[in-house]
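Here's the structure we're looking at; comments come further down.
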Amino acid sequence: MNRIRLFDKLNEGLYRKLILVSAPAGYGKTTIVTQWIKKYKISTAWFSIDTRDNVPNDFFTFLISSIQTVQENVGKQSLELLNMPETVGLDYIIELLINDLLEIEKDLLLVLDDFHLIHNEQIFKTISFLLEFKPKHFHVAILTRSDPSLPIARFRSQNEILEIRSSDLSFSENDVMELFNKKLNLEISSNDIKLLDKKIEGWIAGLQLVGLTIQGKKNKSEYIAKIAGDNRYIMDYLMEEVLNIHNDEMRTFLLFTSILEKLSGSLCDSLLGISNSQSMLESLERNNMFIIPLDNERKWYRYHHLFADLLKKRLIIRYKEEILELHKKASIWFENNGMPLYAIEHSLAAKDKKGAMHKISRIIDHLWETSQYASVLKFGSLFSEEEILSCKSFGIIYAWSLIVYGDLKTGQKYLHKLENNTKEKKLLGRIYETFNLLKVFSGDVESAFKYSLLAIKNISNEDVIWKSWAYISNGELHLLRFELDQCMQSFQKAREIASKANNPNLKLVAESKTAYVLRLTGRYNEAYKICKNLLDFFNADTSIEGFRLDVLSSILYSIIGFIQIEQNHIEEGLKNALKGFELSRKATSISFKGYSTLLLAESYYKVGNLNQALTIIKGLEEILDEKVAQWLAVLVYSLKSKVLILQDEMKKADILHKQEIQQDKNYAFEKYFYHVSIARFLIAKFKSEEALVLLNKLSAGLKNDHAIELLIEVELLKAKAFLLINFKEEALNSVLRAIYFAQTENLIRVFINEGEEIEKLVKDISKDKLTKSSDSLDLISKAYLNKLKTAFEFEERQIKMHFAGDLSDREIEVLKLISNKLSNKEISETLYISLSTVKTHISHILSKLGAKNRQEAAEIAVKKRLF
C-alpha cells in the first residue's frame, strides 16, 4: 500500500520535540511506525509498555535498556543509579542520560509503544523533562490510544509536536482496494470494496482480519455482506474466523498463551507441555499474526494488546476450567526462572493468594532493603487486611511502607494488630522498630525512644540490618535528648554490627552519624579519621563503582571539608565541602542531602561568606521536613541566627527567636542550640547581664554533657558579654577556657568568627604567656596561641585586601575623613579638591564597599580596620 503521505508526515516529526501517534485500538499505529522505520532505516530503540511499568524506576530502567540495544554505552550510569531505589532523583538520572545522548553523533529514535497504559504522574513529569531538554538528534515517538498528561498544548503552540490521529491512519477506499486486490490478490469487486469501506470505516485491524479470514471463501461477496455491527462485534466475529483457519495445535497455543503478558519458547513449552513453542512463535511472527518481538534475539514476544484481549475472551468461553491451572503453571515457571514478581502475579490470577503471599514473603526483605516501597504497597492493595496480617513479615514491611508514604493512621492500625498477635522475638523487634519510625514521623520522640529500646532488646544480632538500624535510631533519639555518651555507644554498636553486613549504605550512615557526635564532643581529629578511612575504603572497593560511589562518598567529603576549614585549611576544605554538596544532589534522602547542604552553608559561614551561607540556608529550608530530620532543622535554625546577627538583620533574627520552647515538646538538643542563639542575640542587643545568666547555665550543662564544640562557643560568647560590662579579667578567663578545649584539636575558625574582641583577648593572653604563670595559663600551648595569632593577622590582611584593595589612595583619604565625620565641603577644603570630585569619590567608595550611605561606609571601615 502507498502510505507515503504518512511517511512524509512522520519525517517532519524528526524536526519536532515529539511525534504523537494517538488513535484507538486497531488503527495500525505500531504497523505504520514500524514500516516507516524500516523504509528509512532509522536507528530505533523500541519500548513496548505494559501495565507493570507504572513504577518510575522500572519504567526508566526498561526505557534505557531499550536504548542500549542500539547504543550500548548510553545510560550506564543512569541504570546503575536506578538500581538504588529512592537514593537519587529521577531528574538527575535523566540529566545523566541526556548527557550521554549528547555524546552520540547519529540520529536515534525512541518509540514508546502503548503509552496509554501509563498513569503515573512522576513518569509523565520526567518524560516531559526529557522532551524539554533532549538533544535534537534524539527523537521520541509516543504511540497511544489516548493523549497522555504531557504539555501537548504548549508543544502544539510552539510547533514542537507532530500529531498523527485516527483520521490520518484510517484506510481510504483506494487503500482497501490496494490491500485486498494488489497485496492479497483476492480479486474483490469494487462494489464489495465500497461495502467493506462503509462497514469497517477504514479500521485497519478489522480489514486485516477480514483479509486473513476471507481467503479460501468461495462466495466472497456473501461473506462480506454477513459482516455487520460495530467494531467490537466485527472483531468478535472475525476472531472466530481467525481461530478457525488454524489447526487444533495452533488454536490451543494461541488461546492458552493469551494469559501471558510476555512469551518465550521455554515458558510456552512449560505451559502447554510441548517442545516446539519457539518455532510456533516464529511462525506467528512470519504470518503477521499480531505478535511483537520484544528483543533482537526473538527470545521474548508479546501479543498485540487488542488481539490478546480477544483471545482471552475466547479462552474463557472455551476453556474456562483450564485457566487457573494455566496461571499456576506460569507462576511455577517464573519462580523457577528467577522472576518472582511475575510469579506472584500469576499466583494471584490463579486465585492462590496463599501461594502468592508465600512468594512475597521470600522477597519482602529484599524489597525493604532496596526501598521498593511502591511495590510493597501495590501487593498490599491486592490482599485483605486479614490476609496481610496472616503473613507477619509482609505485614510489618507493609506498615513501614505506609508510614514512609505518609499514611500514619493505617500504618499504626496494622502495627497494633501485629503487636497483639506476635510472640516471636525477631518479628516483635521489627514491629517495635517500625513503631519507632511511626513515632519519629509523628514527632513523639519519647515514645519513639521507648520503642527503639524494645527493638534493640528483641532483634537478634544475626538480623544484621534491622539490628543496625535499631541502634542507629536509638542513637538519634539519644542525640535529641542530648545524651551524648549513650548516643555514641549506640552508634558504635551500629558500626560494629554493620561491619558484618555487606551494606555500604548502612556502614556510611553509622559512621557519619558517629563522626557528627565526635565533632559535637570536640573530637574533630577522630571524626576526620573515621570519614577519611571510610572514604578510602569505598574508593578501594571495586564492587562500588561510578555514581553509587559518588552518592556514598558525598557526605564524607562534606564532613572532611568542614573539619579542614575549622582547622583553617580553607582552600582544600572548601574544595571538599563543595564536592560533597555537588555529589549529594544526586540523593533523594532529605537527611542525607540536607546534611551535606548544611555543612556547605556552615563552611561558607566559617570563611566569612555570609551571603552565600544564607542563600544555601534558604534553599535548605524549602526542602527540610522537620519531623524526618529534627536535629538537622535545629542546626539550620542555629546557623541562620548567627548569620542574621552578623549581617545586623536584628528584626529578622528577632522573628526567628520568637518560636516557643516548651518543656514538654522541645528536646534538650533543640534547647541548647536555641538558648545559645538567644544569648548571642542578647549580646548583639547589648543585654549582657541577661546573656550571662543564660550562658552560665549553658556552660555548666554543656560541660557535664561533654559537648565541647558548643562549650567553646559559649565561653567565647561569655567573653564578649563580660567585655560589654568591662569585666575584662572574666573575659580573659572565658577565652582561656575556650583555648584549652580547642587546642588539642587545632580549632581556629571558631575564634576568628567571633571577631575583633576575641582577637584582642587572644593577643593579651599571648603576651601574658610570655611573662606570667598560672594554673590556667600553664595549660595553654604557646605554639597553638601563635597559630591563633597568625590566623587572626592573616584574616585581617585578607579583609583589608577584599574591602580596600579596590580603593584608590585618594578614596582611602576621603573615607578616613568621612569616618571623622567631616562634611563634603570640609573634605573638599581639606584635600583641595572640588565638591563634585568629593561626591564622585564618595559614590565610588559606597559602590566598592557595598554601603548604602556615608555612615555605613564609615562603620565598615572601622569594623574591618581598613586604616
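Return a whole-number percent for the relative contact order of segment 248-349, with Cα pairs under 8 Å and 6 or more residues apart as the contact set.
26 percent
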Legend entry - Å² per residue, accessible surface of the chain at 1.4 Å: 46 Å²
Legend entry - Long-range amide H partners of THR44 with built H, under 5 Å: LEU109
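Mean residue ellipticity at 222 nm from the helices of the chain, using -39,500 (n - 2.57) per DSSP H segment of n ≥ 4 over the full residue count, to the nearest 500 deg cm²/dmol? Write out the running numbers ahead of the final one.
Working: 48 runs with 597 residues, N = 867.
So the helix-based figure for the chain works out to -21500 deg cm²/dmol.
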Inset, instruction - Just the number, please: carbon plus sulfur as a percent of the accessible area of the chain, 1.4 Å probe, no ligands or DNA/RNA counted. - result: 49 percent
Legend entry - Sequence-separation-based contact order of the chain, relative, with Cα cut under 8 Å and 6+ spacing, percent: 6 percent
Inset, instruction - Helix by helix through the chain, keep the DSSP H runs that span 27 Å or more along the axis on Cα and average at least 0.5 on Kyte-Doolittle, and give those back in order. - result: 546-566
Legend entry - Cα-based reach from LYS825 at 28 Å (exclusive), listing lysines while leaving out same-chain residues under 8 positions away: LYS800, LYS816, LYS839, LYS848, LYS852, LYS863, LYS864
Legend entry - Shape of segment 260-336, Cα gyration tensor, a/c cut at 1.5: oblate
Inset, instruction - Mind listing the long-range amide H neighbours of MET289? Cut-off is under 5 Å, sequence gap 5 or more, other chains count too, H placed in the peptide plane at 1.01 Å from N. - result: none
Inset, instruction - Treating cross-link reach as a plain straight distance, find the lysines whose alpha-carbon is under 29 Å from the alpha-carbon of LYS182, omitting any fewer than eight places away in the same chain. - result: LYS9, LYS29, LYS38, LYS39, LYS41, LYS194, LYS198, LYS199, LYS217, LYS218, LYS220, LYS226
Inset, instruction - Could you go through segment 290-298 in sequence order and give the Karplus-derived ³J(HN,Hα) for each residue, using 6.51 cos²θ - 1.76 cosθ + 1.60 with θ = phi - 60°, rounded to whole Hz, and x for Gly and Pro? - result: 6, 10, 10, x, 9, 8, 5, 7, 6
Inset, instruction - Could you grab the relative contact order for segment 68-171? Cα pairs under 8 Å, six or more apart, rounded to a whole percent. - result: 25 percent
Inset, instruction - Enumerate the aspartates and glutamates that LYS772 could reach by cross-link, defined here as Cα to Cα under 20 Å, with residues fewer than 8 away along the same chain left out. - result: GLU729, GLU730, GLU759, ASP764
Legend entry - Label assignment, percent of Cα pairs over 48 Å apart derived from the structure, set (i) 42; (ii) 37; (iii) 52: (i)
Inset, instruction - Counting other Cβ atoms within 10 Å, keep those with at most 12, restrict to DSSP loop, and tell me which trypsin sites (Lys or Arg not before Pro) in segment 751-792 are left. - result: LYS772
Legend entry - In segment 336-367, the trypsin sites (Lys or Arg not before Pro) that fall in loop regions by DSSP, at most 15 other Cβ within 10 Å: LYS351
Inset, instruction - Could you tell me whether segment 422-535 comes out rounded, prolate or oblate from its Cα gyration tensor? Rule is a ≥ b ≥ c as square roots of the eigenvalues, rounded for a/c under 1.5, then prolate if a/b exceeds b/c, otherwise oblate. - result: oblate
Inset, instruction - Report, for the chain, the % of DSSP beta bridges that are antiparallel, rounded to 5. - result: 25 percent
Inset, instruction - Distance check, please: which entries in LYS618/LYS651; LYS106/LYS579; LYS76/LYS106 exceed 24 angstrom between their Cα atoms? - result: LYS106/LYS579
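Would segment 678-740 count as rounded, prolate or oblate if I go by the C-alpha gyration tensor, calling it rounded below 1.5 in a/c and otherwise prolate when a/b exceeds b/c, oblate otherwise?
oblate
The values are calculated or read from the model by the stated rules, or taken from the named source; none is laboratory data. Since the model is a prediction, treat every value here as computed from it, not as a measurement. Ideal geometry is used to build each Cβ from the backbone, glycine not excepted, and the neighbour counts take in all protein chains shown. The area values use the complete protein model at the heavy-atom level, side chains included, leaving out ligands, DNA and RNA. Shrake-Rupley method; radii C 1.70, N 1.55, O 1.52, S 1.80 Å.
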